[in-house]
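S.K.: One structure coming up, written as structure tokens, with questions to follow.
The values are calculated or read from the model by the stated rules, or taken from the named source; none is laboratory data. Just so it is clear, the model here is predicted, and its values are computed rather than measured. Neighbour counts are summed over all protein chains in view; Cβ atoms, including those assigned to glycine, are modelled from backbone coordinates with ideal geometry. The area values use the complete protein model at the heavy-atom level, side chains included, leaving out ligands, DNA and RNA. Shrake-Rupley method; radii C 1.70, N 1.55, O 1.52, S 1.80 Å.
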Amino acid sequence: MTTRLSRLSRARRASAFVVAAFALAMIIVPWQEPPSSAQTTAQTPAPAAESLLLVLNKAENSLAMVDPSTMQVVARVPVGIGPHEVATSADGRTAYVANYGTQQVLGDSISVIDIAARKELKKIDLGALKRPHGIAERDGKIYFTSELSRAVARLDPATERVDWVMGTGQKIGHMLVVHPKRPTIYTINLLNDNVSVLELDKGGEPGPPPRITHVAVGKGPEGADISPDGRELWVGHNGDGGVSIIDTETNKVKETIKAGGVPIRVKFTPDGKYVLISNPEGGDLAIFDAATRKELKRLPVGEAAVGVIVAPDSRRAFVATMASGKVFQINLESMTVAGSVETGKGPDGLGWVGK
């Protein structure tokens, strides 16, 4: 036991890059051909669901579609190498997958998925914008981070071209968050221990570039989410177990709380009541009261708990655990684990379509 505790202590003191590699190391597998279209068709016996949970299995290069009412996989769609994060269009018809790659292969594409047809329509080549990761839709455009380029870029789905790129100068801009009301984008920079705030209304086409502010946070920031009212950005620190709460009006940290472990993903419930934080080190999901900052519950969900998403009704949440190959459903009313589904190898990034 003493040896184990010592090892965990050393892990917490590791650099942000080493902590970030915790998740990546889980997916380093030899390249495998994705499932054939025949295999995909054979795995879609269920009728289309009103809602769909989208799960990226980054160790097998696929997107699983799960009916959240039955917790059954209704389709698996081949995508690019090492898919990490997914965004959906406002109309719910299309999903966009950031193909990040592996340690051996630099990802450089975004897969475009027809959700109703359950198939990949195309892969859009991003050229020099390697390692796309954080991704979000805003006003019909797809914004994404490019880690190696130290930049945020924008894809126009209509033209299938990148029509805007803005460098941040920061190392490993991993996750990306968009403000729900203002034209502002946040990138979480793992190796600079800060958050870049890009205020697009302070510049941009055809005038000067956006105003960029860098907000210092704790060691090894990665997971982040913004409150539904847009007033607070919560940022987890992998390196010290803390969470910085940034006032989005002033772009200053107004409070830091302790989540413990490795708070690798952070997600608000749509009603703004709770904040969910996954911890791959402890294999658990912590539920915090957003107003009081108090931890209400910590649920064991399995080794390497990473991706988190909440259904629009704020009654259900879902957590991907890479080591088990499963996604767990959380009942947020009783704060209990309500079931699970095996989706594939290395599930991580999650998306949602429908009610």
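S.K.: For T248, enumerate residues with amide H under 5 Å from its amide H, sequence gap 5+ or separate chain, H modeled in the peptide plane.
M.R.: E232, L233
S.K.: I've got another one for you. So with the 1.4 Å probe, I'd like the accessible area per residue for region 183-313, rounded to whole Å². Show your work: numbers first, answer last.
M.R.: Details: 4680 Å² over 131 residues.
Per residue, region 183-313 has 36 Å² of solvent-accessible surface.
S.K.: So, one more: Long-range amide H contacts for D193: which residues qualify at under 5 Å (H placed 1.01 Å from N, peptide plane, sequence gap of 5 or more or a different chain)?
M.R.: HN-HN under 5 Å from D193: G220.
S.K.: Shifting gears a bit: Convert each backbone phi in region 287-296 into a coupling constant with the Karplus relation 6.51 cos²θ - 1.76 cosθ + 1.60 (shift: θ = phi - 60°), then list the ³J(HN,Hα) values in order as whole Hz, x for Gly and Pro.
M.R.: 10, 10, 6, 5, 7, 8, 6, 8, 6, 9
S.K.: Once neighbouring chains are kept in place and the probe is 1.4 Å, which whole percent of the accessible area of region 61-156 is contributed by carbon and sulfur?
M.R.: On the way: 1430 of 3270 Å².
Result for region 61-156: 44 percent of the exposed heavy-atom area is carbon or sulfur.
S.K.: Return the distance in nm (one decimal) between the two label points of a simple spin-label model at D313 and A116, each offset 7 Å from Cα along Cα→Cβ.
M.R.: Result for the modelled spin labels: 2.4 nm.
S.K.: Anything over 20 Å Cα to Cα? Flag those among K252/K297; K130/K171; K267/K294; K181/K294, in the order listed. It would help to have the intermediate numbers written out before the result.
M.R.: Values: K252/K297 28 Å; K130/K171 13 Å; K267/K294 15 Å; K181/K294 27 Å.
Violating the 20 Å limit, Cα to Cα: K252/K297; K181/K294.
S.K.: Test of understanding: what is the full-extension gain from A323 to K181, defined as 0.36 nm times their sequence separation minus their Cα-Cα distance? Don't skip to the end; give the middle numbers.
M.R.: Working: separation 142, 0.36 × 142 = 51.12 nm, distance 3.66 nm.
Additional length available on full extension: 47.5 nm.
S.K.: Taking all pairs of different Cα atoms in region 63-115, averaging 1/r and flipping that mean, what Kirkwood radius in angstroms comes out?
M.R.: Details: mean 1/r = 0.0837 Å⁻¹.
After inverting the pairwise mean of 1/r, the radius is 12.0 Å.
S.K.: If I model a spin label as a point 7 Å beyond the Cα along the Cα-Cβ vector, how far apart are those points for E303 and Q104 in nm?
M.R.: Here the answer is 2.2 nm between the modelled labels.
S.K.: Given H placed 1.01 Å from N in the peptide plane, which residues other than close sequence neighbours of L148 have an amide H under 5 Å from its amide H?
M.R.: Placed amide hydrogens put K130 under 5 Å from L148.
S.K.: Carbon and sulfur: what percent of region 242-302's accessible surface (1.4 Å probe)? Working shown, then result.
M.R.: Values: 1150 of 2370 Å².
Roughly 49 percent, rounded to a whole number.
S.K.: Suppose every K and R has +1 on its Cβ and every D and E has -1 on its Cβ; what is the size of the dipole of region 178-302 about the Cα centre, in Debye to the nearest 20?
M.R.: Working: 16 positive and 17 negative charges, 37 e Å.
Taking the Cα centre of region 178-302 as origin, the dipole is about 180 debye.
S.K.: Name the GluC sites (Glu not before Pro) in region 88-164 that are in a loop by DSSP and that have at most 14 other C-beta atoms within 10 Å, would you?
M.R.: Working: sites: E120, E137, E147, E160; in loops: E147, E160.
Hits after loop and neighbour filter: E160.
S.K.: Please turn the phi angles of region 141-152 into ³J(HN,Hα) values with the Karplus equation 6.51 cos²θ - 1.76 cosθ + 1.60 (θ = phi - 60°), one per residue in order, whole Hz, x for glycine and proline.
M.R.: 10, 10, 9, 8, 8, 10, 4, 6, 8, 6, 8, 10
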